[in-house]
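For reference, the structure is listed below as structure tokens.
The values are calculated or read from the model by the stated rules, or taken from the named source; none is laboratory data. Every value quoted in this text rests on a predicted model; they were computed, and no experiment measured them. FYI the Cβ positions are ideal-geometry reconstructions off the backbone, even for glycines, and counts take in every protein chain you see. Accessible surface is based on the protein model in full, side chains and every heavy atom, while ligands, DNA and RNA are left aside. Shrake-Rupley method; radii C 1.70, N 1.55, O 1.52, S 1.80 Å.
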Amino acid sequence: MPALTPVPDQAPGPDAPSASAGDRSHLRLHPLCARQIMSAPVVSVCPDTALRRAIDLMLDAEISGLPVIDAQGALVGMVTEGDLLRRVELGTEHRMSRWIAYLRSPGRLAEDYVHAHGRRVEAVMSSPVTTVTEDTPLKAIVETLIRARIKRVPVLRGHAVVGIVSRADVVRALGAALDADGTAGHRSDVEIRQDILAAFDQAVCIPKATIAVAVRHGTVELHGWIADERERGAVRAAVDGVPGVVALRDHLTWVEPITGTVLPGPDDARAEDSAAPHPATHPATPADSAVRIEGASP
């Protein structure tokens, strides 16, 4: 049986940072593991399943990969859409010059031929398989998906496959976390400001020493300066991630460190444009200068 490549369960160590006041997202306050997000039950095939049958299963279940389980219940491979791209029936099989073919071993040439012509799952499946357990943290799973460049990983209980964690499952968990942040009840301006400052503390890319934060009725006012316009996006992302924020008024001045050029913040620039004579437009109202956050209640 091909060897499996398990991903170790990575529980936070004693030196791991604790959640701060600004660390309020569902995923970070309540770390998820494979058991909580995996898709189950698992649609699987055996090595001698006809390739046509495997294709039908993937299309009917709207999934892009199937674990391959032998007669003893052991996971021996995965068959995915990627394994079906180079096929003689489609004219997409890998072709090489005679010189390259001459340099390759007969065994490797035989493997390539079987992969392009085989009609059973065992001919096209990928092996060995990277796996996780039910208790593997989501962070370790995501790092594995990215590092191994795979789209799904089987979840084992002992030697039995009990679920699959795919990229879609991770995205689904993200959606649930965003929903959880959006259902925050009424929060005071003091709580909101504390969370924003805590978020700034955690982001090394935000120049917190040059930014003053004020909150009134959920509307955040930012004053100060930044040295790189890209820092403005990081500041906005940090503020957007704090539950209870209704609107953001950005008065941060961009000071270009080399030339000394000073540019006003977006809301100050809009105010200056509104103050200029524009016969065809209406005067701006105070509400016009606030960046409304979609989905937030006033």
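Provide Leu109, Leu32 ordered by accessible surface of protein heavy atoms (probe 1.4 Å), highest first.
The most accessible residue leads, giving Leu109, Leu32.
Starting at the first residue of segment 130-142, write each ³J(HN,Hα) from the Karplus equation 6.51 cos²θ - 1.76 cosθ + 1.60 with θ = phi - 60°, in whole Hz, x for Gly and Pro.
Karplus values, whole Hz, x for Gly and Pro: 7, 10, 9, 9, 5, 9, 5, x, 4, 4, 5, 5, 4.
Ordering Asp195, Asp48 by accessible area with a probe of 1.4 Å, largest first, what comes out?
Asp48, Asp195
Name the long-range amide H neighbours of Val220: under 5 Å, sequence gap of 5 or more, or other chain; modelled H, no Pro or chain starts.
Val246, Ala247, Leu248, Arg249
Between Thr261 and Gln36, take the C-beta separation as r, use R0 = 41 Å, and let me know the FRET efficiency to the nearest 0.05.
Once the sixth-power term is evaluated, E becomes 0.25.
Once you have the Cα-Cα distance between Val88 and Asp70, take 0.36 nm times their residue separation minus that, and quote the gain in nm to one decimal.
Roughly 3.8 nm would be gained on extension.
Once both labels are modelled 7 Å past Cα along the beta-carbon direction, what's the Glu229-Ala61 spacing in nm?
Placing both labels 7 Å beyond Cα along the Cβ direction yields 4.9 nm.
No solvent, one uniform scatterer per C-alpha: report log10 I(q)/I(0) for segment 164-243 via the Debye equation at q = 0.11, 0.20, 0.26 1/Å, two decimals.
Here log10 of I(q) over I(0) equals -0.37, -0.92, -1.22.
Arranged from highest to lowest average of other beta-carbon atoms within 10 Å per residue, in what order do the peptides 253-259, 136-142 appear?
Those peptides, ordered most packed to least, come out 136-142, 253-259.
Amide H to amide H, which residues 5 or more places from Gly163 or on other chains are under 5 Å from it, using H placed in the peptide plane?
Val155
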